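Here the structure comes first, spelled out in structure tokens, and everything after it is commentary.
Readers should treat all values here as calculations from the given coordinates under stated rules, not as data from a laboratory. Please read all numbers here as calculations on a predicted model, not as lab measurements. Note that each Cβ is placed from the backbone with ideal geometry, even for glycine, and that neighbours are counted across all protein chains shown.
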Amino acid sequence: MGQAVIPRRTTTPRPARRSTTGRSVWLQWMALLSLPAVIWFWPAPSPTPPVRTGTRTNWDGFQAVAYDSIRARPQDGALSGEGLREHLLALEGAGYQPISLEEAGEFLRCRAPLPEKAVLLTFNDGRRESVHEAEKVLKERRWPAVMFVRAEPMEKSDYTYPTWRDLRGLVSTGRWSFGSLGLSAATHVDIEGGPRRGLFLVSRAFLPREARTETKEEWEVRVREEMRASTEVIRRRLPGVEPGAFIFPCSNDGGAMDDGGKALRHIVAEAFPLAFAGMGYALNDARRSPLQLTRLAVQPGWSGGDLVARLNAQGARRSRFTPASEGDWTGKRGRLRIEGRSVVLDPEEAQGAEAWLAGSEPWRCVSGEATFETHPGVQSWIFLRAVPGGRHIRIGWTGRRIEVQTRVYGEDCVVLAYGTVIKGATRAKVSFDLFDRRIRFAVENGEAPARSFPLPREIEAGMAGLGMWLLAAGSGSAVFGDLRLQPRPARALLVHDLEEGRTAWRDPVDVLAPAWYHVPASGGGEGLESGLDPALLHLAAFRGASVWPLIRFAGRPSAASLDALASTIDRLARLEVEGLILDPRPAQKCGQPIELSDLLDRLVSVGDRLGVVLPADCDRSLAELLWNRVRWLAIPPEGPAAQWMPPERLLLLEEPSW
């Protein structure tokens, strides 16, 4: 039997496996080396455009609100991101329009108009969670905002704060502006006199090694270095960003310093165009200093309706005021309550109380009335053009008579005038009229001077408010019954001679504008013709009006004569009269319209003592160009500009031959 043969299994040999390690490494290196090119040419993230604002017709000012901590959920007394969203929706529904920090600066420095009901959002707390939650809501609603940077913990890589890279991402959105809280500004320094310590910016540091307090020059060097370092770190970490605002720690801008903080604000102005120094009040009007801005601190428990109600109450006022709500008042000391048409002030743990009428800063000429209770142990005051804690004019009950008092910085109160009430009367109704430079008043069932009284030049602007003072402990409250305050534009009367002044002067006016000066068609400054009438000065003084003589331009001044003309106008504006009003209408009628800008450029130093007469059909752009360069824009009482220009800059000029 033959042996079986087992066939040999044949297999196809496998090819040898090729190594891919080298190729993989090569690809990785190629990707790594090309990364910078990808980053360089990768399109930048498109910024989320902020919401577009409406027509810019607002010269009254803007309101600023301040948010602190924003959390994902409401906790530890912080507002949630959803709460912030509710606030923005409520603001939008009420017609409020967001502005950027840059727009706020342009309004304050250049008087660029704002949208109606302009509001500026600011965020104090720069912690990581706050930034993240705020950004989510702002991106959704397309609202711009300001973040005040806490640079010191970020430089130390504090994990509770965002990184500089995070902030550079916010810069790319185009919606965020940045300010500074300083580096050491919120810390304290040792001061002379023991263990007490003072705020870094407003205190002279005690030098223990030399056993002395630093000099003013040494303090200035220290503060100036703090401002320089505060801006430098932001510029270095956020390329292209210019820090636009500073916050004074504890809202202390040096008011208690020897110079009232003037030197401190000057140093801050070298580094920052804007600074916030106040909290509790939202409105920043056109006359507010860019270095003493104020904000409303938003409380975590507020609903959107609560925020809107407070902003509505603190907006600029142009119409008659009568008591309606406690929300109309800000900066209250003591307790304020509304009883019908009366405002009642009660002191708390002190002898006095006060409250300030929100939105009344633009008021200049005001009429009003109130009924005072003539309690011998209580003083009751209505403040006008007042800076709380500083200068003021006030009228009220002193405990024994009605008085008008004024006070300027660094001086005691001065009694301008007084009136009496009937003996034994328990109430006194007082009416008053505040003119441009004078005040007069009357006492019902009493006696008051028939004439008006001049005001100090230092009292240019301020708020209206109420105040009370107890002359004896436990004397009670101050009641301001039937309170009415009526702001209005100033009224002027243009006359050519004394006889016309006597016959045309029917109603009270703030300004008498005699046509005394005439610029001939040649335009020679030294050839300015004068027709002074001292009798008109006496008439104005007797009637309680300021004197602003008129300069009529018969033709266009030549370029060569502008300097001489400006020198003459400058000299005349500094005389005993309050100022001058330039009237270019005759030149315009002759076909030789003058360029006021060239002349006003030479009169910057006396701009606050100048007015300009606008034609009845004046171009709105011309009025917008001029209104921040002079004190008055004189218009006819029924002119269209009266409907849209700020009343504190308007002079309603009555002229028989207008």
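Some notes on this structure:
- Charge-dipole axis of the chain as Lys and Arg at +1 and Asp and Glu at -1 on Cβ define it, positive-most pick from Val509, Gly327, Trp143: Trp143
- Prolate/oblate/rounded label for segment 326-488 (Cα gyration tensor, a/c 1.5): rounded
- Taking Cα atoms only, the orientation of helix 216-237 departs from the longest principal axis of the chain by about 50 degrees.
- Residues in segment 187-203 reached by a label modelled at Thr215 [backbone nitrogen below 17 Å; 7 Å Cα→Cβ]: none
- DSSP beta bridges in segment 235-349 [antiparallel fraction, %, rounded to 5]: 45 percent
- Counting only Cβ charges, +1 for Lys and Arg and -1 for Asp and Glu, the dipole size of the chain around its Cα centre is about 2960 debye.
- Cα centroid separation - segment 531-586 against segment 460-477, whole Å: 41 Å
- Along segment 66-71 the Karplus relation, 6.51 cos²θ - 1.76 cosθ + 1.60 evaluated at θ = phi - 60°, assigns HN-Hα couplings of 10, 9, 9, 5, 10, 10 Hz to successive residues, with x for each Gly and Pro.
- Relative contact order of segment 457-517: 28 percent, from C-alpha pairs under 8 Å at least 6 residues apart in sequence.
- Nearest 10 degrees, 0 to 90: helix 21-41 Cα axis against the chain principal axis: 10 degrees
- Cβ-based charge dipole, segment 326-488, positive-most Cα from Leu345, Gln405, Leu416: Leu416
- Maximal additional length on extending the Glu339-Arg287 stretch stands at 15.4 nm, based on 0.36 nm per residue less the C-alpha distance.
- Among the listed pairs Lys117/Lys332; Lys117/Lys429; Lys332/Lys429, those beyond 31 Å (Cα-Cα): Lys117/Lys429
- Estimated vicinal HN-Hα couplings, Hz - segment 455-460 in sequence order (Karplus 6.51, -1.76, 1.60; Gly, Pro = x): 9, x, 4, 5, 8, 9
- Placing +1 on the Cβ of every Lys and Arg and -1 on the Cβ of every Asp and Glu, with no other charges, gives segment 490-654 a dipole of roughly 100 debye about its Cα centre.
- Beta bridges assigned by DSSP with both partners in the chain are antiparallel in approximately 60 percent of cases.
- Theoretical FRET efficiency, 1/(1+(r/R0)^6), r = Cβ-Cβ of Gln588 and Ala94, R0 45 Å, to 0.05: 0.55
- Taking 0.36 nm per residue of separation and subtracting the current Cα-Cα distance, fully stretching the chain between Arg401 and Ser621 would add 74.2 nm.
- Hz values of 3J(HN,Hα) by residue in segment 424-440 - Karplus curve (6.51, -1.76, 1.60), Gly and Pro given as x: x, 5, 9, 9, 9, 8, 10, 10, 8, 9, 9, 8, 4, 10, 9, 9, 9
- Angle between the chain longest axis and helix 262-271 axis [Cα atoms, degrees, rounded to 10]: 40 degrees
- Shape class of segment 490-654 from the Cα gyration tensor (axes a ≥ b ≥ c, square roots of the eigenvalues): oblate, since a/c reaches 1.5 or more and a/b does not exceed b/c.
- Cβ-derived FRET efficiency at R0 41 Å, Asp601 paired with Arg168, nearest 0.05: 0.50
- Entry note, the chain: the mean residue ellipticity at 222 nm calculated from DSSP H runs of n ≥ 4, each adding -39500 (n - 2.57), is -7500 deg cm²/dmol after division by the residues and rounding to the nearest 500.
- Remark: the Cα gyration tensor places the chain in the prolate category, a/c being 1.5 or greater and a/b exceeding b/c.
- Ranked by how many other Cβ atoms sit within 10 Å of their own Cβ, fewest first, the residues Ser130, Ser184, Ser303 fall in the order Ser303, Ser184, Ser130.
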